[in-house]
1. Can you go through ARG243, ARG293, ARG273 and tell me which one is over 30 Å from LEU163 (Cα atoms), surrounded by fewer than 19 Cβ atoms within 10 Å (Cβ to Cβ) and at pLDDT 95 or above?
2. Go over the candidates HIS77, HIS19 one by one and state the one that is surrounded by fewer than 18 Cβ atoms within 10 Å (Cβ to Cβ) and within 17 Å of the chain's Cα centre (by Cα).
3. Among the listed residues TYR150, TYR134, which satisfies the condition of being in the same structural domain as HIS189 (by TED's automatic domain parsing), assigned to a strand (DSSP E or B) and at pLDDT 95 or above?
4. Quick one: which residue in ARG293, ARG323 is out of contact with any strand residue (DSSP E or B) (no Cβ under 9 Å at 6 or more places or on another chain) and either acidic (Asp, Glu) or touching a residue at least 40 places away in the same chain (Cβ under 8 Å) (or both)?
5. Residue under question is ALA327, and the condition is that it be surrounded by fewer than 21 Cβ atoms within 10 Å (Cβ to Cβ), out of contact with any helix residue (DSSP H, G or I) (no Cβ under 6 Å at 6 or more places or on another chain) and either among the hydrophobic types (A, V, I, L, M, F, W, C) or assigned by TED's automatic domain parsing to the domain that holds LEU107 (or both); does it hold?
6. Can you pull out every residue in the range 248-262 that is surrounded by fewer than 21 Cβ atoms within 10 Å (Cβ to Cβ) and either closer than 12 Å to PHE187 by Cβ or aliphatic (A, V, I, L, M) (or both)?
7. Taking the criterion of being among the small types (Gly, Ala, Ser) and more than 17 Å from PHE124 (Cα to Cα), would at least one residue in the range 15-27 satisfy it?
8. Checking the conditions here, which among LEU101, LEU84 is out of contact with any Asp or Glu (no Cβ under 6 Å at 6 or more places or on another chain) and either in a loop (DSSP other than H, G, I, E, B) or farther than 17 Å from ALA123 by Cα (or both)?
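The values are calculated or read from the model by the stated rules, or taken from the named source; none is laboratory data. Keep in mind that this is a model prediction, so the values were computed, not measured. For neighbour counting, all protein chains shown are included, and Cβ atoms are generated from backbone atoms with ideal geometry for every residue, glycine included.
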Amino acid sequence: MSIVRIAIIGCGSISLQNHVPGIRLCPGAKLAALCDSDPAALDRARQQTGVAVSDTDYEAIVRRDDVDAVIIATPNHMHAPIALAAVANGKHVLCEKPLALTGVEALAMAEAAEKAGVRHMTAFTYRFVPAMRYLRHLVRRGDLGEPYHYRSCRLQDWGKRNLGWRQIKSMAGTGELGDMLSHRIDFAHMLVGPFAKVVAAMKQLVPVRGGVANELEDWVAVLGEFKNGATGVLESSKVASGRNESWRSLDYVEINGSERSFVFMTGSWDRLRVGTVGGPGLEDLPVPEEYWRWPGSTRDPRAHDPLVAFRYDQIWEFVDAIRQGRACDATFYDGARVQLVMDAVVESAETGKWVGVGEK
């Protein structure tokens, strides 16, 4: 396949800020069609992209012969029906996280895509930060030693503004858990391995956002044990006053092992912190330039804002996997594994008990 023709379904800010620029920077891809159930959003996207083919009906888009793949960036409750329709029509699918509303739903998406022989990818965007890529390499090489502890802390200040569908349970499923902690659960899977059990708390601190009832949590914390015996502590908040947002806010991951400790921060895209057993403390560890962009990506790592541009390599990975006929780096199965942990977190927060991941 020389050029992968991509349709974007869901034309909100994520698509316009991340996916459209990523497609434009990928020589093997073309933005072929747009879809949004909101005619106003669809019109804005048409004006910004110049794409002529558009529709408010995703069923019509996934049936088109001039579309090879779709990117799903809709409210969470629509991920599964759109993905299953696309897969049934032989389309490759990149879907935003969280992949679904439940682990069962996410696994059904993964199994359908695998059976159809199409490429499937979950948009775990932060995998593409150069420092995280390098940390992943170091851990796999054995530099950490035996994993002991994993901890992550994501603190942002979203104030009391209206979050639209993201504060409606039937559309989003969860709040801060699905929005932000899902990425850090994926980090834990990559760096340490699968969770065995979790105990969690979730708290809604802002009951009304922008004059509209907020149905979901603003804060979540998880204590976990991995199948290999390591421990985990994860916290994420939308209401950490004064912490700002995006890369300007705290996005911290630390792993401790028998040989070394490593610290990753999204804002420090070109360096890690590392400490060795018995050493003087944590020191800077520069990220080699070969990790500044995804393998094969033609993106200039010195162009654009490096704290944003890493996201564009996600499209490169999706398109290259399609053209090479190989699995994507973050498949629907990876998305489903995260969703199963999220299911256990919700159950634990409701019952106050430890819950086994994937157990019913």
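1. Every option except ARG273 fails the conditions.
2. Criteria check complete, one pass: HIS77.
3. Unique residue meeting the criteria: TYR150.
4. ARG293
5. So ALA327 fits the description; yes.
6. Correct list: LEU250, TYR252, GLU254.
7. Checked the range 15-27: no residue is among the small types (Gly, Ala, Ser) and more than 17 Å from PHE124 (Cα to Cα).
8. Details: LEU84 fails: either in a loop (DSSP other than H, G, I, E, B) or farther than 17 Å from ALA123 by Cα (or both).
None of the other options fit; the residue is LEU101.
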